[in-house]
Amino acid sequence: MPQRIKDLHHEVSVGRFRMDLFFRLNVFPIHVPALRERLEDIPLLVDYFAGRLTGRMGKKITRIETRSLSAMQQYSWPGNVRELQNIIERSVILADSEVLRVDPGTLVHEPLPCISAVAAESGSGGSDRKSQIETVLRETRGKVYGPNGAALLYPVFIVLSALRLNARLCVFTGAVAAIEYSTLALYFVGKTSTATVEPILTSMPHHIIRGLLLLVIGVVTGLVTIQIKKRTLNSFVTVEERNRIRRTFGEYVSPLVMEKLLTLKPDLASEHRSVCVMFLDIRNFSAFAERRTPEAAVVAYLESLFEFMIEIVNRHHGIINKFLGDGFMAVFGAPVSDGADCLNGVEAAREIILRVEREVAAANVLPTRVGIGLHAGEAVTGSIGSALRKEYAVIGDVVNVASRIEQLNKEFGSQLLISETVWQAVSYKFGDATPIGAVRVKGREAPVQLWQVV
């Protein structure tokens, strides 16, 4: 059923509508009078629209105010039934009781000007409503409210200010947005006619509250920015700490020890720890180096030995603390300990000796013999040095004694000597160790009990 609001006879005569299509549609024309011509239908239409809208909006309307119904029957309804439907919907939305009331301001008897009249008025520059609306729309670039309106852009700019990670800037942006919005609202509310705009949009308390909300958004964004900045700085500190640990220990610790260091985040300042210190020396290296070219054979020879020795130390939870040319110093128990430092040291030493023998037998390395000394005790461990260079150091009498014990291997023709302290910690597993007795070592007055492990 086609519907029309224009006179198709006139449209055909002026050439704006096809004549053949008009006669095809013009089968049984029905003339529906305008609402102003059948005011007696208004009560029925009001009941129908109100009943349908209240069910959808969850409100309860029991009757229509008599005064409102009378005003609607005296209105000319230039917008026909659609205007009535919109007015009823607006009234249902604003209803706060079971009685439906219509705002008299929505039923203003003002004749709508024709197109030529509107054009004449706009050209005259008068203060009519059309020119007022055009002025406001031009100043606001056509949009004040809605998805792309200025009211939505304010919070966006406030949130974007958080990218600078400056809480003061966020609060300042929120304050500027609140002041600017309230000022613009005061300016435009004074210019806008209340007869054609929703009452809530011309209410200054409403706009003041929105301005305060913009200020609150700025403050909240500032607080969030403080937390983001704090956590970001903490992340940088954590990354720097991890890098510092990697720089300090480099490739001298096993992945397991490195993971523990990174997990525990230890303070590398000086501390007292119980450690087991290993000194290893490659026998007759001076004579070997004298007969070889240092840049080639000597370096290759050392690398072929140190490669598996370092791997063995790392696997037994130790670290290579210093390389000593033809040997090294290893530490078990620092910077982290698994509680079996002496056992780890002895097992690592025995495995190194056996591995050297296998490599020599397989002709992978030149004939080699090593000497190892182990001693356990208290030491001061930590990062020492200057801002230009630091080193993780182990300092104490335990280091000196371990070095002296290693040198005694030449005197006794042995490869692995351990002190009494180490033997007491591993005697349950290495009961076949041979006691050598009390031996004086250089730099100490009291003799040291030594054991030979094979």
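Want the number for N243 to V216: 0.36 nm per residue separation, take away the alpha-carbon distance, what's left?
Additional length available on full extension: 5.7 nm.
What are the trypsin sites (Lys or Arg not before Pro) within segment 354-454 that DSSP puts in a loop, where the Cβ has at most 14 other Cβ atoms within 10 Å?
R369, R389, K429, R440, K442, R444
How much length, in nm to one decimal, is gained on full extension between E180 and N284, taken as 0.36 nm per residue of separation minus their Cα-Cα distance?
Result for the pair: 28.7 nm of gain on full extension.
Taking R0 as 45 Å, what FRET efficiency do you get between L388 and T434 from their Cβ-Cβ distance, rounded to the nearest 0.05?
With a Förster radius of 45 Å, E is 0.40.
Highest mean first, what order results for 165-177, 41-53 on Cβ atoms within 10 Å?
Packing proxy ranking, top to bottom: 165-177, 41-53.
Would you please give the FRET efficiency between R38 and V159, computed as 1/(1 + (r/R0)^6) with r the Cβ-Cβ distance and R0 = 35 Å, to the nearest 0.05?
Once the sixth-power term is evaluated, E becomes 0.05.
Take L417, L354 and order them by how many other Cβ atoms sit within 10 Å, fewest up front.
So the ranking, lowest neighbour count to highest, is L354, L417.
On a full-extension model of 0.36 nm per residue, what is the gain between Q424 and N234, subtracting their alpha-carbon distance, rounded to one decimal in nm?
That works out to 63.9 nm of additional length.
Loop only by DSSP, 14 or fewer other Cβ within 10 Å of the Cβ. Give me the chymotrypsin sites (Phe, Trp or Tyr not before Pro) in segment 339-447 that pass, ordered by residue number.
Within segment 339-447, the qualifying chymotrypsin sites (Phe, Trp or Tyr not before Pro) (loop, at most 14 other Cβ atoms within 10 Å) are Y428.
Can you sort S286, S203, S386, S419 from fewest to most other Cβ atoms within 10 Å of each residue's own Cβ?
S386, S286, S203, S419
Got a sec to turn the phi values of segment 421-438 into Karplus ³J(HN,Hα) couplings, 6.51 cos²θ - 1.76 cosθ + 1.60 with θ = phi - 60°, whole Hz, x for Gly and Pro?
4, 5, 4, 4, 7, 10, 4, 5, 10, 10, x, 8, 5, 9, x, 9, x, 7
Hey, with R₀ at 25 Å, roughly what FRET efficiency would S274 and K442 work out to, going by the Cβ-Cβ distance, to 0.05?
0.55
If you look for lysine pairs in segment 256-452 that are eight or more places apart or on different chains, how many of them have Cα atoms under 25 Å apart?
8
I'd like the distance between the alpha-carbon centres of segment 379-454 and segment 312-336, rounded to an integer number of Å.
Cα centres, segment 379-454 to segment 312-336: 14 Å.
Every number here is computed from the coordinates shown, using simple stated rules; none is lab data. Remember, it's a predicted structure, so these values are computed and weren't measured experimentally. Reconstructed Cβ throughout: ideal geometry from the backbone, glycine too, with neighbour counts over all protein chains shown.
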